[in-house]
1. Take residue 39 and tell me if it is without any contact (Cβ under 8 Å) to a residue 24 or more places away in the chain, open to solvent by 60 Å² or more (accessible area, probe 1.4 Å) and either of a type in the set (Gly, Ala, Ser) or in contact with an Asp or Glu (Cβ under 9 Å, 6 or more places away or on another chain) (or both).
2. So, in region 87-109, of the ones that are at pLDDT below 85 and assigned to a helix (DSSP H, G or I), which residue ends up least open to solvent (accessible area, probe 1.4 Å)?
3. Restricting the search to region 1-28, which residues are over 23 Å from residue 76 (Cβ atoms) and open to solvent by less than 60 Å² (accessible area, probe 1.4 Å)?
Amino acid sequence: GALAGLDAAVGRLADHARATKKLFLFFSDNGPENGTPGSAAPFRGRKRSLLEGGVRVPALLAYDGLRGALDLRLSSSDVLPTFVELATGVALRGLVERPFDGESFADAP
């Protein structure tokens, strides 16, 4: 079905990213829409909710050198500072003076 096809395609993209030394990031969609079937269980909330079921999404990060799984609580606002640090070796806070949201997870265990 559609989910199996998506799973296979994302897997191929992640494998290609590792093989070509590129970074691949995939975010899923958050929770079901109000008034539609579906569940965000075991979390409470749905789309447009600030409860975990409305904001939590699975994500996949793949690149050559990353081994294993990370169990981190991240936000999409963490992507920019992380990618800047991975690309330059310098924390974004050291490069810009203006405030921004997000924290780098480049050195996550």
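1. Values: without any contact (Cβ under 8 Å) to a residue 24 or more places away in the chain: yes; open to solvent by 60 Å² or more (accessible area, probe 1.4 Å): yes; either of a type in the set (Gly, Ala, Ser) or in contact with an Asp or Glu (Cβ under 9 Å, 6 or more places away or on another chain) (or both): yes.
So residue 39 fits the description; yes.
2. 94
3. The answer is 5, 8, 20.
The values are calculated or read from the model by the stated rules, or taken from the named source; none is laboratory data. Nothing here was measured: the structure is a model prediction, and the numbers come from that model. Positions of Cβ are generated from backbone atoms using ideal geometry, with glycine treated the same way; all protein chains shown enter the neighbour counts. Remember, those area values only see protein heavy atoms, side chains included, never the ligands or the DNA or RNA. Shrake-Rupley method; radii C 1.70, N 1.55, O 1.52, S 1.80 Å.
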